[in-house]
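Quick note: the coordinates plus some simple rules give every number you see, no bench work behind them. The shown structure was predicted, so the numbers you read here are calculated from the model rather than taken from an experiment. A quick note on method: Cβ atoms are made from the backbone with ideal geometry, for glycine too, and the neighbour counts reach across all protein chains shown.
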Amino acid sequence: MRLAILGFGREGKSILKFIKKSPEYRGAKIEILDKKRSKNYLKNLEKFGIIFRSPGIPYNLPELKRARKTGVRFSSATKLFFNNCPTKNIIGVTGTKGKGTTSTLLYKILKASGRRVLLAGNIGKSALEILPRLKNNSLVVLELSSFQLQDLTLSPHIAVVLDIFPDHQDAHLNLREYYEAKTNVARNQKKSDKIFFFKDNALSRWTAAKSRGKKIGIDPKKFRLFGWEDLKIRGWYNFKNAVMAATVTESLGIPEKIILKTVKSFRGNEHRLEFVRKIGGVEFWNDSASTNPQTTAAAIKAFPKEGKILIAGGQDKGLDYKPLAQALKNSDTKLVILFGENKSKIAGAIKKSGVPIKFVKDLKTAIRTSYNFAKKSPPAKILFSPGATSFDMFENYANRGKQFKLLTKKL
């Protein structure tokens with residue numbers, strides 16, 4: 001049997017390690033296909049029996065479509081995990097944004113209660129890495145992106161669907177394909193399974209409707225265990241994430257006092273509306289994980305009556321920036337500093353908001369310009385929330401966020 005691993009990042013490496021140890025694939029010839037190794041890595045895929053696709057490789061590339069038509073089977077790290085996981089207690093978390101925060105908070109609450117729980121998935125650890133540590137009574141919190149869900153034929157016992165809105169138009173054929181990919185978290189659930197969703201998000205409701213399991217709709221405005229003012233993490237969307245984590249864990253029998261203590265002490269994840277430092281009356285906030293206009297809009301709304309300077313821009317994903325323009329109106333934003341590949345597109349979309357716009361060449365200049373502006377009229381917040389991907393100038397959003405923090409600390 002000839003096998004191929006398509007994409008050799010974290011998930012690709014975990015797949016190689018797994019199949020080398022698996023009796024099912026003993027004696028198979030394994031090839032690594034990666035654009036860093038060869039520009040022709042997508043040629044002649046038809047010669048393989050099984051191709052394990054990494055999530056960074058778009059599902060509907062023409063070369064992959066041709067291979068499927070000739071009978072090549074496709075799998076992934078997520079598929080391998082679901083097929084080999086010894087426990088059915090998988091909590092799968094998806095949504096456009098908030099997955100990492102909600103998954104981490106779920107994990108922390110369950111861990112604080114003494115449950116045997118592991119965290120993996122899109123959050124930075126391949127699910128296959130935790131497989132050897134799982135028992136039949138383990139709990140798994142699995143963050144699932146649209147790329148991991150797209151060809152998944154099994155659904156988690158507990159599905160968690162956060163807010164869904166347009167994203168990833170650089171990698172999906174269209175919005176419909178993106179939304180349909182998300183539904184796989186629910187589509188193959190059994191009647192004994194559960195799905196939690198937000199009532200106030202149409203696409204969250206639509207995704208949940210695909211499930212045969214018990215549907216639990218959540219209205220954050222009616223939640224009473226804690227309020228947004230009790231949290232260390234800022235923003236209405238982060239409050240919603242915390243409400244979701246609390247509701248799911250409460251359904252698993254976790255005492256309210258443990259939920260409350262964990263939620264109140266949670267400071268959020270790195271690069272997600274993360275406080276960096278304060279110089280005089282100027283605060284610096286790192287929201288590098290924001291890669292679309294909706295999340296940047298949400299970050300602006302997290303500081304409703306506070307003067308701020310927004311730093312944004314990056315590589316375009318084919319998204320509409322009207323939500324950002326709406327958020328900027330009457331937001332007390334004093335200046336928008338734009339850099340990166342799509343700075344002109346963002347500027348065109350937000351110019352009617354009335355907020356002054358300034359173009360700069362790079363992040364270093366953006367930070368220096370914003371600080372020079374902010375220190376003239378403190379208090380002020382400098383909010384780095386790009387609203388675009390990082391690949392025009394950086395390795396990834398984490399590298400971009402680290403650069404922001406490093407440059408900020410040099411001021």
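Working from Cα pairs under 8 Å separated by at least six residues, relative contact order for the chain is 12 percent.
Calculate the tail of P(r) for the stretch 1-145: the fraction of all Cα-Cα distances greater than 26 Å, expressed in %. It would help to have the intermediate numbers written out before the result.
On the way: 3178 of 10440 pairs.
Tail of the P(r) past 26 Å holds 30 percent of the pairs.
The Kirkwood radius of the chain, taken over pairs of alpha-carbon atoms, gives through the Stokes-Einstein law at 10 °C and 1.306 mPa s a diffusion coefficient of 71 µm² s⁻¹. Relative to the dominant Cα principal axis of the chain, helix 175-187 is inclined by about 60°.
So what is the diffusion coefficient of the stretch 232-285 in µm² per second by Stokes-Einstein at 4 °C and 1.567 mPa s, using a Kirkwood Rh over Cα pairs?
Working: Rh = 12.6 Å.
Rounded to a whole number, D works out at 102 µm²/s.
Under the combined filter of DSSP loop state and at most 11 neighbouring Cβ atoms within 10 Å, the stretch 300-408 retains these GluC sites (Glu not before Pro): Glu395.
To the nearest ten degrees, helix 256-265 and the longest principal axis of the Cα atoms of the chain are 60 degrees apart. For the stretch 58-91, trypsin sites (Lys or Arg not before Pro) are listed when DSSP marks them as loop and at most 11 other Cβ atoms sit within 10 Å of their Cβ; the list is empty. An ellipsoid equivalent to the stretch 62-152, defined through the eigenvalues of its Cα gyration tensor, has semi-axes of 28, 16, 8 Å when rounded to whole angstrom and sorted largest first.
For a distance above 21 Å, tell me the whole-number percent of Cα pairs in the stretch 2-75 that qualify.
Every Cα pair in the stretch 2-75 considered, those over 21 Å come to 19 percent.
Taking every DSSP beta bridge with both residues inside the stretch 177-324, roughly what % is antiparallel (nearest 5)? Expressed as a percentage, antiparallel bridges in the stretch 177-324 total about 50.
Take the Cα radius of gyration of the stretch 301-411 and divide it by 2.2 N^0.38 Å, N being the number of residues; the result is 1.00.
Rounded to the nearest whole Hz, the Karplus-based 3J(HN,Hα) values (6.51 cos²θ - 1.76 cosθ + 1.60, θ = phi - 60°) of the stretch 114-120 follow the sequence x, 6, 7, 9, 10, 10, 7, with x at glycine and proline.
When you filter the GluC sites (Glu not before Pro) in the stretch 181-266 for DSSP loop state and at most 10 other Cβ atoms inside 10 Å of their Cβ, nothing is left. Taking Cα atoms only, the orientation of helix 236-251 departs from the longest principal axis of the chain by about 40 degrees. Under 5 Å between amide hydrogens, built in the peptide plane, is the criterion, and for Asn188 it picks out Ser155 among residues at least 5 positions away or on other chains.
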